[in-house]
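First comes the structure, then the notes that go with it.
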Amino acid sequence: MIDPIKFGTDGWRGVLARDFTFENVRRVAQALADFVRDEAQKTPAKRRGLTLPIWIGYDRRFQSESFAREIARVLRGNRLNPYLLAESLPTPAVSLLTHRSKGLGIMVTASHNPANYNGIKIKSEGRVVPDGFTRMIEAHMDKTMPALNSDFPVKSGRDAYLQHLRSRADVSKISARLRHPVVIDYLHGSSAGLLEKLIPSKNLIAIRTERDPLFGGVNPEPIEDNLAALVEKVRQTKALMGLALDGDGDRIGLVDEKGVYYTPCQIFPMIIEYLVEKKKLKGKIVQAVSMGRLPARIAAARNMPFEELPVGFKHVAEKLASGDAVMGAEESGGYAWKGGLPERDGLVTALLLLEMCVTQNTTPSALWKRIEEKYGKSAFKRLDVRIHRPVADKAVFATKLLKKLPKKVLGMPIKETVQIDGLKVIVEDSSWILMRPSGTEPVMRLYAETDSPQKTADLIELAKKWLAVGHG
């Protein structure tokens, strides 16, 4: 029996040689081709889909380019119009090409996953495709045998992407005012070398730039546990800041001038404040339900609408693409705002963070201090804990757990509960905990934020006790 291929919140991922094989990659490519061809039969307007370009990108993982070539062979074998990128580029570069050409994009990447994984992301209109699109690919799986043709074009996307990045920030001003070292940690990913092209300054210090399919034994995810090398370099060079990009360049991490790691719950409020104050951006702010409380406070103080969404950047992207929101973020380090693509982009965010500091002659810690003074403190923590079995239905889980909650948490009454992607409990002083089941693994993701690290740790411990009672 052939194993089913299922797309998750950000594409399909699997373990190399077990799930992610050349055979399975051909199956996905053929299913996409069958779907495109079936859609083309519906109306004369949709027939254009047969001639629109399909851009195929790849990260620096083991065999990513070879998998990308195999996808191009299948699509060309189906008389579609694939273009293989000539170089490894970040995922947002593929999104950009789909936006400009009105075509589709396929990115071979497993993003921040361990080195023994690979995967596929599908893009359209400058962003991740909606769930309905990937469901149709799944529905077309194994309907026909893959056709192959190696006569496909190869085209560079590097210059177009660099041009796009230059349009998103005043890089000449950043270069001219960059008077202190800044460390950029590429985590061996596909963004390597691009920031230096934009800001050719001796003060820009790059680390982990070379291609290493094993990522130096560290997952290419810009979170605190993986950034010891960046922290050390920032302190050693007395840098203004350290920036880290994930394996496919759509997410970012920040370390301040003291070597202190900043969570996305700190970075997003800093971005909002800058965009509102300096760029005069006004409108709805959206974020994943797993994000912090400060954006809501900023929105209220500035009389701007605010909304929380299920986890997954696709939900943020839909709000941005429809014009319903002007900026959005997710807890894993993805940010986007009006004026560019409805897509998270680590390099675009890196440029904004640089601009924030160098044009105002300030530091990340000074910017954060201002936020805390105006809107309060944020001590955020995420912890994944193993549970007995996967949770099949998040809504049922939340309803059951809701009945087991105590009347008071941390000595305070519960102010509000939110059932989006699990159960979020908010207490009187706006401290909160989100208990979010994985859905596919026996894992419960716990997210908590209070005004002190100790209170946050206490809240996580409380949640672990509730889960022992409320889930079984």
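Where a number appears in this text, it was derived from the coordinates with a stated rule and is not lab data. The model shown is predicted, which means the values in this text are computed figures rather than measured ones. Neighbour counts are summed over all protein chains in view; Cβ atoms, including those assigned to glycine, are modelled from backbone coordinates with ideal geometry.
Assorted remarks:
- At most 16 other Cβ within 10 Å, DSSP loop - GluC sites (Glu not before Pro), region 189-241: Glu210
- Label-point separation in nm, Gln41 to Thr237, each point 7 Å along Cα→Cβ: 5.7 nm
- The slack between Arg158 and Ser175, meaning 0.36 nm per residue of separation minus the straight C-alpha distance, is 4.1 nm.
- For region 12-157, share of DSSP beta bridges that run antiparallel, in % to the nearest 5: 50 percent
- MRE, 222 nm, helices only [DSSP H, n ≥ 4, -39500 (n - 2.57), over the chain, to nearest 500]: -11000 deg cm²/dmol
- Cα principal axis extents for region 379-470, largest first, Å: 32, 23, 21
- Prolate/oblate/rounded label for the chain (Cα gyration tensor, a/c 1.5): oblate
- Computed FRET value (nearest 0.05) for Lys280 with Asn149, which takes r as the C-beta separation and R₀ as 30 Å: 0.05
- Summary of packing: across the peptides 123-130, 247-254, the per-residue average of other C-beta atoms within 10 Å ranks them, highest first, as 247-254, 123-130.
- At full extension, Lys258 and Arg18 could sit 82.1 nm farther apart than now, given 0.36 nm per residue minus the alpha carbon distance.
- Over the chain, relative contact order from alpha-carbon pairs under 8 Å, at least 6 apart, %: 12 percent
- Relative contact order [Cα under 8 Å, 6+ residues apart], region 85-224, whole percent: 26 percent
- Note on the chain: antiparallel DSSP beta bridges, both residues inside, total approximately 65 percent of the bridges counted.
- Distance between modelled label sites at Ala468 and Ser322, nm, 7 Å Cα→Cβ extension: 4.3 nm
- Entries in Lys381/Lys408; Lys143/Lys394; Lys102/Lys155; Lys42/Lys102; Lys408/Lys455; Lys403/Lys465 that, when Cα-Cα distance is taken, lie over 25 Å: Lys143/Lys394
- Exposure proxy shown here: for Thr134, Thr362, Thr109, the number of other Cβ atoms within 10 Å sets the order, fewest to most, as Thr362, Thr134, Thr109.
- Spacing of the two label points (7 Å from each Cα toward its C-beta) at Arg79 and Gln454, in nm: 7.3 nm
- Cross-link pairs Lys121/Lys197; Lys197/Lys338; Lys369/Lys407 - those with Cα-Cα distance over 30 Å: Lys369/Lys407
- Placing a label point 7 Å from the Cα of Phe306 along the Cα-to-Cβ direction, the residues of region 338-381 whose backbone N falls under 18 Å from that point are 368-381.
- For a label point 7 Å along the Cα-to-beta-carbon line of Ser101, residues of region 20-43 with backbone N under 20 Å: 26, 28-40
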